[in-house]
Amino acid sequence: MSQQDRLVIFDTTMRDGEQSPGASMTKDEKVRIGKALEKMRVDVIEAGFAAASPGDFDAIEAVAQAVKESTVCRLARAVDHDIERAAASLAKAERARIHTFIATSPIHMQYKLRMQPDQVVEQAIYAVKKARSFVEDVEFSCEDAGRSENDFLCRIIEAAIDAGARTINIPDTVGYAIPEEFGEKIRTLIERIPNSDKAIFSVHCHNDLGLAVANSLAAVANGARQVECTINGLGERAGNAALEEIVMGARTRHDLFNIETGIDTTHIVPTSRLVSSITGFPVQPNKAIVGANAFAHESGIHQDGVLKHRETYEIMKAEDVGWGANKMVMGKHSGRAAFRSRLEELGVTFESDSALNSAFARFKELADKKHEIFDEDLQALVSDTIADEAPDTFRLITLESRSATGETPVTELVLSRSGEEFRSRSEGSGPVDAALKAIEAVVESGANLLLYSVNSITQGTDSQGEVTVRLEKGGRIVNGMGADTDIVVASAKAYIHALNLLYNSQQRQHPQSDGV
């Protein structure tokens, strides 16, 4: 397949997606996502921004070691420190890419960089050559290209290609572009730049006006052959172009785009759910491709049409994107070997037998509560186990909640704080409110509750409830998650998880916080 016939899929869920407030991921969680993306056959995985923190460096290094088939990429500003850190974090990668960038719009050059255009070009050339001294695969981005002047873009991109960049990214950093305008920009750049044939042109679109996918596909129609995107459209502000929509858009409208991707689409839905579980960002029911209602039909006319001929109202097959696929129902009679095997198929491995034993014990407890356990239950169970294996300040020991018509709900619980147990009792407007107040009576965190969300993991009244709690304190925002068949217990778990993140984790700093 020639370069012009293939669309490279570049996933930045673990970098740009992680810049969503509260979406920070642990090293182990990044490895899980990296393996899922590799299983989906994503071409390039941007694993993070190593200059952000020592923890981010370690996570990128772990992903680089775990992923063998996909290229692992790391973002770096056009400065020595970032590029050197990028190279160090990717030293053990089978396939490595350094992605360096500098702002090119008049407003960014004047007010953020405080540099003249000539200086920006000079710095871009230096950064690309520096990156090429470490790796062969170098990508160069013109930050805020959507608001940059075409003449200057032609100049700096030609220089970057001459310096050794083999992928050129044109990001709509602030989500300002309109599809017709953006597609024309890509076509113009490719036509005007003398050495454009020596590089793949890429796009990275933000969704501030809800046009990220439309702009990306318009760019593809005009010659772009890499799209930077995220699972579920995750990303800072309004998010990024959704990987699942880009891939299925190109596949479904092959008559227009006439290109192929290497993506195994049957892993789209499982990966979507994994990312949602880890980040605590639930997928809206009407979300294209991966939403619960994406292939649901309530209208009698639609139902009749689908029953007679599926394509009357469905332009894709649900099973093609992973709905109903990879489902193994497990129960209390399932053994440890089957449990381990299914987790490995889901891309989950444990570093120690004790962690596996802990997860298996939770599995057995859950099997006593609900008859059938699905993949989604296992993903939530693993997230819970990993959270509990971490060194936490607070742990829930016991919880008892009472609620009756005409009476004020009350919750009593025992909470461990740094190994010392505290008993607490509180009333509330409901059992969940009472539980969170009982926890706060011990912790006295002073954190602000920004979000409380409940999501059913699977169907049925015995489904686990997955609760997301978002807390803010001193400018730091964290998401806590908890799952249980008892929604009060799930809520307490989620709140305690968020508290542990607040108390135990250093604030993650992004020197480059506005993304490309």
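Tabulated results
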item	result
Per-peptide average of other Cβ atoms within 10 Å, ordering 99-105, 486-492 highest first	99-105, 486-492
CD proxy at 222 nm, helix term only [per DSSP H run n ≥ 4: -39500 (n - 2.57); per residue of the chain; nearest 500]	-12000 deg cm²/dmol
Relative contact order for segment 3-279, counting Cα pairs under 8 Å that sit 6 or more residues apart, in percent	21 percent
Burial ranking of peptide ranges 229-236, 496-503, 207-214 (average Cβ count within 10 Å, highest at the top)	229-236, 496-503, 207-214
Sorted by Cβ neighbour density within 10 Å, fewest at the top, the residues 246, 268	268, 246
Given charges at beta-carbon only (K, R positive; D, E negative), |dipole| of the chain in Debye	480 debye
Entry for Cα Rg over 2.2 N^0.38 Å (calculated from the structure that is shown) out of (1) 1.02; (2) 0.98; (3) 1.34	(1)
Positive-end residue of 72, 403, 3, charge dipole of the chain with Cβ unit charges	72
Cleavage-rule hits, trypsin sites (Lys or Arg not before Pro), segment 44-141, DSSP coil, Cβ neighbours within 10 Å at most 14	68, 92, 114
Relative contact order, percent, segment 390-504 [alpha-carbon distance under 8 Å, six or more residues apart]	20 percent
Set of lysines with alpha-carbon distance to residue 129 below 17 Å, sequence-local pairs under 8 removed	198
Listed residue (352, 393, 239) projecting farthest to the positive dipole end of the chain, Cβ model	352
Whole-Å distance, taken between Cα centres, linking segment 224-253 and segment 472-502	29 Å
Peptides 399-407, 180-188 ordered by average Cβ neighbours within 10 Å, highest first	180-188, 399-407
Anchor residue 39: lysines whose Cα lies under 24 Å away (excluding residues fewer than 8 positions away in-chain)	27, 30, 68, 92, 287, 317, 327
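Here, each number is a calculation from the coordinates, and none is a lab measurement. All values derive from a computational prediction rather than experimental measurement. Cβ atoms come from the backbone with ideal geometry, glycine included; neighbour counts cover every protein chain shown.
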